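Okay, so here's the structure we're looking at.
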Ligand code: OOG
Ligand code: NI
């Protein structure tokens, strides 16, 4: 019997093995990431595992996929439910005028600390907004919907096995292996010929629209390992002759705690694809849509912390117009030093980040009565541990997308976009969408309650 968590771990391995055969550069990326992690642990044995144990971090991956319709989204949500991965967060990537991304997204991931510790596999999942008039006129919307309506990304057999796995909390061995095989195959690159005219027509508007709606299947778009030192990774990949994008997305490297998420990527080499020309002949060609990405994770920020992060990025933008990626990084560093506390304690005191609290081994609180969290931490009774950010950043995601598209496409900003929000996503999937901040807050809260019970005292929260 494979339980839900074993299924998830096995699926992550199976997808990784498949993707490694399809995109050899991914295998290089994984090798370099593994070396970066073990060297980082060797050089900083006391601090390296503050944000995650080395075995979890080294096994950790996120994937990205893109689907075309609400019903495709519903089916993929069922497949992920079998793996204990639930939709978390709503990301609207249509807002950035500089890119042409007619999509909204969520991330499927485990939601409990226990499940994350067993295997944190997550998949950033985007769905095309086919009726957004800024991108598609009414005729193209109809053509797209007709094209997407004829294809089937996830067959009935895989969806039925997934539903059984969800209902029963797992599958017997033989069924589990069949499910894993079939589910992995749904994300393989197809050698079905691509209709050149149709693909190019969509690509003129948006490379992502063509990647989703220009072909009859879906595929895993990238699979991202996690590293403990993304600057070291960046330098090593560059030394191997692999050109990375010119800026690490998200926070800069600095002397204070890592928060949220830092990401970088390289553009994948052209992949061989077959095309059907207007006259019906099938020819060999190439497409380069899949890329390599790597990430370093930091501490989850509260609403207040996230607002501050967004304001800091706005300041970076205002101060770095026309600057290179490297110069922008210097501006970031300056802004970070000016606005973000440089210690975990500073972040906690300002209510900017999430932590869990647990009694130190052998600790007692004899002073009697109630005590504040910071008093208990300062006196060594409670230990504070950062909660790692398990989600994504829309700005960074748009940066990653944009840096990997051949052209920026087109978008008519004078038109109204079509309505999409978290409720739309939930309705499409028939499943609630978790609020990421609520998940972190609940985890922090539960740890404080458990600590209070075990110390037999009342803990006063200051913020
Ligand atoms: C998703 C891009 C976003 C991330 O890590 O922010 C993403 C895609 O390319 O489909 O994966
Ligand atoms: Ni990604």
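Just so you know, all these numbers are worked out from the coordinates, no wet-lab data involved. Since we're looking at a predicted model, the values are computed, not measured. Cβ coordinates were reconstructed from backbone atoms using ideal geometry, including for glycine residues, and neighbour counts include every protein chain displayed.
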In 10 Å bins starting at zero, report the fraction of Cα pairs in the range 49-111 per bin as a rounded %. 17, 40, 29, 14, 0
Fewest first, what order do 131, 330, 156 take by the number of other Cβ atoms within 10 Å? 156, 330, 131
Multiply the residue separation of residue 460 and residue 279 by 0.36 nm, subtract the distance between their alpha-carbon atoms, and state the gained length in nm to one decimal. 57.7 nm
Alpha carbon centroid spacing (whole Å) that separates the range 237-296 from the range 196-236: 7 Å
Can you put 240, 228 in order, fewest other beta carbons within 10 Å first? 240, 228
Within the chain, what percent of beta bridges assigned by DSSP are antiparallel, to the nearest 5? 75 percent
Could you estimate the translational diffusion coefficient of the chain from the Stokes-Einstein equation, with Rh from the Kirkwood formula over C-alpha pairs, at 37 °C and 0.692 mPa s, in whole µm²/s? 139 µm²/s
For the chain, what relative contact order do you get, as a whole percent, if you take Cα pairs closer than 8 Å and at least 6 residues apart? 20 percent
When the range 301-351 is reduced to its Cα atoms, the Kirkwood hydrodynamic radius in Å: 11.6 Å
Taking only DSSP H segments of four or more residues, each worth -39500 (n - 2.57), what value at 222 nm results for the chain once the sum is divided by all its residues, to the nearest 500 deg cm²/dmol? -14000 deg cm²/dmol
So if I take the centroid of the Cα atoms in the range 1-59 and the same for the range 394-463, what is the distance between those two points in Å? 24 Å
Taking 201, 332 and counting other C-beta atoms within 10 Å, the order from fewest to most: 201, 332
